[in-house]
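Just so it is clear, none of the values below were taken in a lab; they were calculated from the coordinates. Every value quoted in this text rests on a predicted model; they were computed, and no experiment measured them. Here the Cβ is made from the backbone with ideal geometry for all residues, glycine too, and neighbour counts use every protein chain on show.
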């Protein structure tokens with residue numbers, strides 16, 4: 001178990017790019033994914049990697065209430081479903097259960113002040129820990145479920161706890177992503193210095209989190225002004241500032257861990273991408289995947305016959 005690592009899931013956005021399906025849910029993390037929901041898939045991979053300390057960052061108490069209701073244990077209902085012969089439904093519901101030794105806490109980000117702000121807020125609740133930040137948009141289907149991307153990031157991070165470590169994925173066009181050049185994170189670069197774009201999960205050392213936390217009050221009051229016009233202090237700027245202000249001299253650095261080619265990455269950030277991911281999850285993760293595959297094949301055969 002990784003007792004010295006906090007797993008931070010930013011859920012402060014309004015999920016507008018996933019409307020209308022996310023409308024009324026509080027956050028897109030509560031959308032279906034296979035037989036469960038996106039949040040269940042993320043939490044399961046955290047638990048399989050050995051994580052037990054989770055912080056979910058929301059934009060209001062109302063959204064927190066939605067998550068708490070969604071993640072409330074229901075062991076009696078699982079047993080009731082089994083008694084009635086609904087084994088696969090019971091299996092799916094049991095996958096959403098939280099291990100007894102896990103701890104989920106919540107924090108409110110009242111203003112959209114960026115991911116460095118998110119990390120600082122979450123770190124206030126776990127000042128003795130490093131962090132793994134996982135964006136709900138970034139979903140992986142690993143070839144080996146017991147060695148998912150979160151586990152790979154953790155295993156590499158613990159070998160050197162002075163590296164800010166992101167998941168690297170090849171992108172022909174990196175202008176919408178973060179890359180590393182000359183030891184610094186560059187976001188949305190117009191120049192393709194390389195084609196390895198940074199995604200979550202990403203490991204953030206405690207010392208970088210301490211630095212971000214120290215700026216929260218000044219950021220919220222307006223004394224500290226990040227470079228972005230909209231006032232958001234994003235993690236790339238937070239990490240670079242830490243390195244520029246002495247972190248690099250202390251041996252801290254930024255690195256990428258390339259995603260295994262055999263592991264599939266799914267971007268759930270916008271509605272069409274989510275729908276593609278949902279289709280894939282139904283055919284690969286659902287408790288009824290064999291039924292779905294049979295249905296899909298028959299449907300595609302019918303379409304082909306009509307085309308012919």
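Once region 182-214 is narrowed to residues that are touching a helix residue (DSSP H, G or I) at 6+ places or on another chain (Cβ under 9 Å) and in a loop (DSSP other than H, G, I, E, B), the residue that is nearest to residue 248 (Cα to Cα) is 183.
If we keep just the residues of region 261-280 that are in contact with a helix residue (DSSP H, G or I) (Cβ under 7 Å, 6 or more places away or on another chain) and under 17 Å from residue 201 (Cβ atoms), which is surrounded by the most Cβ atoms within 10 Å (Cβ to Cβ)? Let's see the steps before the verdict.
As a first pass, look at region 261-280 and keep what is in contact with a helix residue (DSSP H, G or I) (Cβ under 7 Å, 6 or more places away or on another chain): 263, 266-271, 274.
Checking which are under 17 Å from residue 201 (Cβ atoms) leaves us with 263, 266-269.
On the way: 263: 17, 266: 18, 267: 15, 268: 25, 269: 17.
So the residue we want is 268.
The requirement of being in a strand (DSSP E or B), touching a residue at least 24 places away in the same chain (Cβ under 8 Å) and farther than 23 Å from residue 140 by Cα is fulfilled somewhere in region 245-268, by at least one residue.
Take the conditions outside any helix (DSSP H, G or I), touching a residue at least 40 places away in the same chain (Cβ under 8 Å) and under 19 Å from residue 233 (Cα atoms) and apply them to residue 168. Does it pass?
no
The one condition from (1) in contact with a helix residue (DSSP H, G or I) (Cβ under 8 Å, 6 or more places away or on another chain); (2) buried (at least 20 other Cβ atoms within 10 Å of the Cβ) that residue 99 does not meet is (2).
Listed here are the residues, each with its yes/no results for (1) in a helix (DSSP H, G or I); (2) surrounded by fewer than 19 Cβ atoms within 10 Å (Cβ to Cβ); (3) on the phi < 0 side of the Ramachandran plot; (4) free of Cβ contacts under 8 Å to residues at least 40 places away in the same chain.
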site: 122; (1), (2), (3), (4): yes, no, yes, no
site: 126; (1), (2), (3), (4): no, no, yes, no
site: 131; (1), (2), (3), (4): no, no, yes, no
site: 139; (1), (2), (3), (4): no, no, yes, no
site: 150; (1), (2), (3), (4): yes, no, yes, no
site: 159; (1), (2), (3), (4): no, yes, yes, yes
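Within region 56-69, can one find any residue that is surrounded by 22 or more Cβ atoms within 10 Å (Cβ to Cβ) and assigned to a loop (DSSP other than H, G, I, E, B)? Talk me through it step by step, then tell me what you get.
Residues of region 56-69 that are surrounded by 22 or more Cβ atoms within 10 Å (Cβ to Cβ), as a first pass: 56-58, 63.
Still in the list and also assigned to a loop (DSSP other than H, G, I, E, B): none.
No, there is no match, as no residue in region 56-69 is surrounded by 22 or more Cβ atoms within 10 Å (Cβ to Cβ) and assigned to a loop (DSSP other than H, G, I, E, B).
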